[in-house]
Amino acid sequence: MCHALLRDASFWRFLQLIDHDLAEQESAGGCPACGAPLHRADYPRKPRGVPRALFGPDGVRRLSFCCARDGCRRRMTPSSVRFLGRRVFAGAVVVLACALAQGLSERHRQRLCERIGVGLRTLERWRRWWRRDFAASAPWAAIRARLATPVEEQALPRGLLERWGEAFSATSVVGLLRLLAPLSRSVRARG
Ligand SMILES: [Zn+2]
């Protein structure tokens, strides 16, 4: 099931449209530091865990902006549903792999990793991230406050996916990726 979604070109096109909307909204007010106009300054990324054929040999463009004013020049990289922070794997892979791994023995987690093309140590790091870093984050506190019935931190991310119905449907995965999108936003001086 997860394979079908990760290989579905229309799923990725939909995520791309959402990313463009997020970029438009977040760049509309100009530079977050000084208010000057922002210029597009996208950069290439090659997200892993997704068939290359879906994106072409050059990968995809991470939407990004640079402040036009000399002396500021900050780079604003907007929220994203395709990428999850600086991880090399696409956000959907991180979400699906961790949700599928819940309740599996280590041997079965190993098999899952082989299917998705993720190392077991990477998967274990992502799992710790959900339970420890994400569970302690401000976005999670905000999400948790809006939930009618609580989701235990130990049940992340699957417990959260199930809020939208079937855990591994496109609706659930897109819903969760939208909640995670602000984690990928950054504003930094250009080094
Ligand atoms: Zn600026």
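The values are calculated or read from the model by the stated rules, or taken from the named source; none is laboratory data. As the structure is a computational prediction, the values presented were derived from the model and not from experiment. In this analysis, Cβ positions are derived from the backbone assuming ideal geometry, glycine residues included, and neighbour counts consider all displayed protein chains.
Under 6 Å between Cβ atoms, at least 6 apart or on separate chains: pull out the pairs that start in the stretch 140-168 with a residue that is more than 17 Å from Ala92 (Cα to Cα) and end on any residue that is surrounded by 11 or more Cβ atoms within 10 Å (Cβ to Cβ).
From residues that are more than 17 Å from Ala92 (Cα to Cα), the pairs are Trp140/Phe134; Ile143/Leu179; Val151/Gly159; Val151/Leu160; Glu153/Arg131; Glu153/Ala135.
Taking the conditions exactly as written (among the charged types (D, E, K, R) and either touching a Lys or Arg at 6+ places or on another chain (Cβ under 7 Å) or within 19 Å of Arg131 (Cα to Cα) (or both)), does Arg69 satisfy them or not?
On the way: among the charged types (D, E, K, R): yes; either touching a Lys or Arg at 6+ places or on another chain (Cβ under 7 Å) or within 19 Å of Arg131 (Cα to Cα) (or both): no.
The answer is no for Arg69.
Please go through the stretch 38-72 and give me each residue that is surrounded by 17 or more Cβ atoms within 10 Å (Cβ to Cβ) and assigned to a loop (DSSP other than H, G, I, E, B), ordered by number.
Pro47, Gly49, Val50, Phe55, Leu63, Ser64
Name the residues in the stretch 99-123 that are within 23 Å of Gln16 (Cβ to Cβ) and part of a helix (DSSP H, G or I), would you? Spell out how you get there, then give the answer.
Let us first name the residues in the stretch 99-123 that are within 23 Å of Gln16 (Cβ to Cβ), namely 99, 116-118.
Those that are within 23 Å of Gln16 (Cβ to Cβ) and part of a helix (DSSP H, G or I): Ala99, Ile116.
Taking the stretch 141-164 only, how many residues are assigned to a helix (DSSP H, G or I) and more than 18 Å from Leu96 (Cα to Cα)? So that I can check it myself, show each step before the final result.
Step one: filter the stretch 141-164 for residues assigned to a helix (DSSP H, G or I), giving 141-146, 153-155, 158-164.
Narrowing the set further to residues that are more than 18 Å from Leu96 (Cα to Cα) leaves 141-146.
Going through the stretch 141-164 one residue at a time, the tally reaches 6.
From the list Leu54, Leu84, Leu100, Leu104, which residue is more than 16 Å from the ligand (Cβ to nearest atom) and in contact with a Cys (Cβ under 9 Å, 6 or more places away or on another chain)? Steps first, answer last, please.
Details: Leu54 fails: in contact with a Cys (Cβ under 9 Å, 6 or more places away or on another chain); Leu84 fails: in contact with a Cys (Cβ under 9 Å, 6 or more places away or on another chain); Leu104 fails: in contact with a Cys (Cβ under 9 Å, 6 or more places away or on another chain).
Going through Leu54, Leu84, Leu100, Leu104 in turn, the sole match is Leu100.
Residues are listed down the side, and each one gets a yes or a no for (1) away from the ligand (no atom under 12 Å from the Cβ); (2) charged (D, E, K, R):
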| position | (1), (2) |
| --- | --- |
| His3 | yes, no |
| Arg7 | yes, yes |
| His39 | no, no |
| Arg75 | no, yes |
| Pro78 | yes, no |
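Given the criterion under 18 Å from His3 (Cβ atoms), of a type in the set (Gly, Ala, Ser) and more than 17 Å from the chain's Cα centre (by Cα), identify the matching residue among Gly117, Gly91. Walk me through it before giving the result.
Working: Gly91 fails: more than 17 Å from the chain's Cα centre (by Cα).
That would be Gly117, the only listed residue that is under 18 Å from His3 (Cβ atoms), of a type in the set (Gly, Ala, Ser) and more than 17 Å from the chain's Cα centre (by Cα).
Would you check which residues across the stretch 129-154 are buried (at least 16 other Cβ atoms within 10 Å of the Cβ) and closer than 28 Å to Ala4 by Cβ and list them?
Within the stretch 129-154, Trp129, Trp130, Arg131, Phe134, Ile143, Val151 qualify.
Only residues that are within 16 Å of the ligand (Cβ to nearest atom), loosely packed, with under 13 Cβ neighbours inside 10 Å and in a helix (DSSP H, G or I): list them for the stretch 9-37, please. Steps first, answer last, please.
Here is the first cut: in the stretch 9-37, the residues within 16 Å of the ligand (Cβ to nearest atom) are 26-37.
From the residues that got through so far, the ones that are loosely packed, with under 13 Cβ neighbours inside 10 Å too are 28-29, 35, 37.
None - no residue of the stretch 9-37 is within 16 Å of the ligand (Cβ to nearest atom), loosely packed, with under 13 Cβ neighbours inside 10 Å and in a helix (DSSP H, G or I), so the list stays empty.
Condition check: surrounded by 17 or more Cβ atoms within 10 Å (Cβ to Cβ), part of a helix (DSSP H, G or I), at pLDDT below 95 and among the aromatic types (Phe, Trp, Tyr). Does Trp126 satisfy that?
When the stated conditions are applied, Trp126 does not pass them.
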